[in-house]
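A short worksheet on the structure shown next.
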Amino acid sequence: RYHYVASNSEVTPDADGFILPGEEKYVAQLAQQTKGVPVRADFQLVDLAWHRLDRHVIPNFSAWSRDRLNFEISNRTHTAALNIGPLAGRTSFDVDNRTAFGYWRVGFFVVLLRGTAPAAVNYVTLDNFESNEHRHVDVNWFEQLAGSSSVDIRPEVNIFDPDVFMPPRAE
């Protein structure tokens, strides 16, 4: 459980999150209303719970997670300055679910980078993402953004939660 404290002392509502073993990930609370424009925000853990990995159930976490998180992301493009009504930019990519599992919902952080620093962050979810399915994704940006040099796209799905998996389909 975490929240952010903005430079103007505003605190976001508590949010729940997870980090998988060995994972580096973005942790964000997007679209938060603030009284002013904060210069920065500090991340604060409110509560932390660790869960030990049972090596009798999952003897090789790397292989087990790779089998469940094999999302192939390709054709990343970002087009700035579209100037179509309120639409200011679009990031597009293709994603293939190369796993044997279907997911009710998979989230993706879409981060525009300036060098190695995040310049803008968005989040998109794909519902009912079947095994071996291909999807094209467009992420729209509704404000002018500072220049970016690359796009980082990271899936987010808690593979320890059995409720994220769709039941296998009979063929």
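The values are calculated or read from the model by the stated rules, or taken from the named source; none is laboratory data. Note that this is a predicted model, so its numbers are computed, not measured. With ideal geometry, Cβ positions are generated from the backbone for all residues, glycine too; neighbour counts draw on all protein chains shown. What goes into the accessible areas is simple: the full protein's heavy atoms, side chains included, and nothing from ligands, DNA or RNA. Shrake-Rupley method; radii C 1.70, N 1.55, O 1.52, S 1.80 Å.
Brief remarks on what is shown
- Candidates Pro13, Pro21, filtered to the one that is open to solvent by 50 Å² or more (accessible area, probe 1.4 Å), closer than 25 Å to Ile153 by Cβ and part of a loop (DSSP other than H, G, I, E, B): Pro21
- Top-ranked residue in segment 51-69 [being outside any loop (DSSP other than H, G, I, E, B) and open to solvent by 50 Å² or more (accessible area, probe 1.4 Å); ranked as farthest from Arg105 (Cα to Cα)]: Ser62
- Pair list, Cβ under 6 Å, 6 or more apart: segment 130-152 residue within 30 Å of Phe101 (Cβ to Cβ), other residue modelled with pLDDT of 85 or more and basic (Lys, Arg): Asp138/Arg90; Asn140/Arg90; Val151/Arg76
- Failed item, numbered, when Arg76 is tested on (1) closer than 13 Å to Pro155 by Cα; (2) touching a residue at least 40 places away in the same chain (Cβ under 8 Å); (3) surrounded by 14 or more Cβ atoms within 10 Å (Cβ to Cβ): (1)
- Filtered residues of segment 124-158 (kept if assigned to a strand (DSSP E or B), open to solvent by less than 60 Å² (accessible area, probe 1.4 Å) and not hydrophobic (A, V, I, L, M, F, W, C)): Thr125, Arg135, Asn140, Ser150, Asp152, Pro155, Glu156
- Yes/no for Trp104 being farther than 18 Å from Trp141 by Cα, assigned to a strand (DSSP E or B) and out of contact with any Leu (no Cβ under 7 Å at 6 or more places or on another chain): yes
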